[in-house]
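The values are calculated or read from the model by the stated rules, or taken from the named source; none is laboratory data. Quantities reported herein were computed from a predicted structural model and do not represent experimental measurements. All Cβ positions, glycine included, derive from the backbone under ideal geometry; neighbour counts span all protein chains shown.
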Amino acid sequence: MATTTLGVKLDDASRERLKRVAQSIDRTPHWLIKQAIFTYLEQVERGHLPHEAGAGATADTDGADAGDATQADAAPQPFLEFAQSVQPQSVLRAAITSAYRRPETECVPVLLEQARLPQAQADAAIKMARALAARLREQKVGSGREGLVQGLIQEFSLSSQEGVALMCLAEALLRIPDKATRDALIRDKISGANWQSHLGQSPSLFVNAATWGLLLTGRLVATHTEAGLSKALTRIIGKGGEPLIRKGVDMAMRLMGEQFVTGETISEALANARKYEEEGFRYSYDMLGEAAMTEADAQRYLASYEQAIHAIGQASRGRGIYEGPGISIKLSALHPRYSRAQHERVITELYGRLKSLTMLARQYDIGINID
């Protein structure tokens, strides 16, 4: 078993020197240090004692080194056990590490240059964006999400800004699981207009105002301000009070349910996505499972993933990982103790479960995304 036994502390100049030499031979600094250690050991073993290891070193130096060594040995190393299993960095990983916390003034010019598209691609992107915007503006109201949104606006005689404000409120309430708590929040925060005191905090109630504005009007509007949306919500309250807010929020939440959840079951989701797949869209289905708290949770999620893979695989009909649908698997749903502190147990137990799902997906030739 390989273990990490030595850490080398370098000043900035030495680190840059090491990095430069390693890059010149297409190796990592870690590799270069390791080879230097082996070379040094081999010299000593052959009897070629290096000058710095000879008897010329003073007693004071030896004493200082011994003191430093003792002090280093006494220093706590809380993550030493985990360090033993850390693999040497590849060239790409070393490049990522060297870019960590790189000054913005160095990064931005490089990224700007890389972000520039060839003129032909840029023209094609602009043309597509204009075509999409035109289709959104000309799109007639029908069933589904667009119809529900327009029904919401028409039923309550709302302006576009009032509709955006209501959608933002509904989005905040969507995170509350039970009706009683939602009603309590509406009474506490909305009826008394106390919700205004929460404006300006992060995350803002109106953080997705531009998105809802696009859905409601077919236009991206950058002029929605928190103050303006605050007044719009107050106008809605003035029109009908708490009952209107509750009913409007209910409709808005049903709309968001259609937007973010493809189906209650995997079969329903596959059926709902079929028409979009025919238009060229590709789906990776997420079972919306939370992290497993118990082994029973993990086994239940494992069975759900297996069932979903069978359903997705049959629907894919051999189209492959690019042309057909796939599945997203959340590792924390497959093991109740998915944490670094349980590293050995997780590797032993989780690996088998993940491998079984991967092999099952391979039989159907569908893709897997790991969350």
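Yes/no per residue for (1) without any contact (Cβ under 8 Å) to a residue 24 or more places away in the chain; (2) over 17 Å from Thr358 (Cα atoms); (3) among the β-branched types (Val, Ile, Thr); (4) surrounded by 14 or more Cβ atoms within 10 Å (Cβ to Cβ):
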{"site": "Ala269", "(1), (2), (3), (4)": "yes, yes, no, yes"}
{"site": "Ala273", "(1), (2), (3), (4)": "no, yes, no, yes"}
{"site": "Phe281", "(1), (2), (3), (4)": "yes, yes, no, no"}
{"site": "Ser284", "(1), (2), (3), (4)": "no, no, no, yes"}
{"site": "Glu290", "(1), (2), (3), (4)": "no, yes, no, no"}
{"site": "Ala296", "(1), (2), (3), (4)": "yes, yes, no, no"}
{"site": "Ala303", "(1), (2), (3), (4)": "yes, no, no, no"}
{"site": "Gly320", "(1), (2), (3), (4)": "no, no, no, no"}
{"site": "Gly324", "(1), (2), (3), (4)": "no, no, no, yes"}
Original post:
Regarding Tyr338, is this residue under 18 Å from the mean Cα position of the chain (by Cα) and under 14 Å from Ala269 (Cα atoms)?
Top reply: no
Subject >> region 326-351: number of residues that are in a helix (DSSP H, G or I), surrounded by fewer than 17 Cβ atoms within 10 Å (Cβ to Cβ) and of a type outside the set (D, E, K, R) >> reply: 7
Original post:
So Glu268 clears everything in (1) closer than 28 Å to Asn369 by Cα; (2) modelled with pLDDT under 65 except one condition, right? Which one?
Top reply: (2)
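Restricting attention to region 352-371, and to residues there that are surrounded by fewer than 12 Cβ atoms within 10 Å (Cβ to Cβ) and more than 21 Å from the chain's Cα centre (by Cα), which single residue is farthest from Arg300 (Cα to Cα)? Lay out the reasoning, then the answer.
Keep residues of region 352-371 that are surrounded by fewer than 12 Cβ atoms within 10 Å (Cβ to Cβ), which gives 352, 355, 359, 363, 370-371.
From the residues that got through so far, the ones that are more than 21 Å from the chain's Cα centre (by Cα) too are 352, 355, 359, 363.
Numbers: Gly352: 16, Lys355: 17, Met359: 19, Gln363: 22 Å.
Checked region 352-371; the qualifying residue farthest from Arg300 (Cα to Cα) is Gln363.
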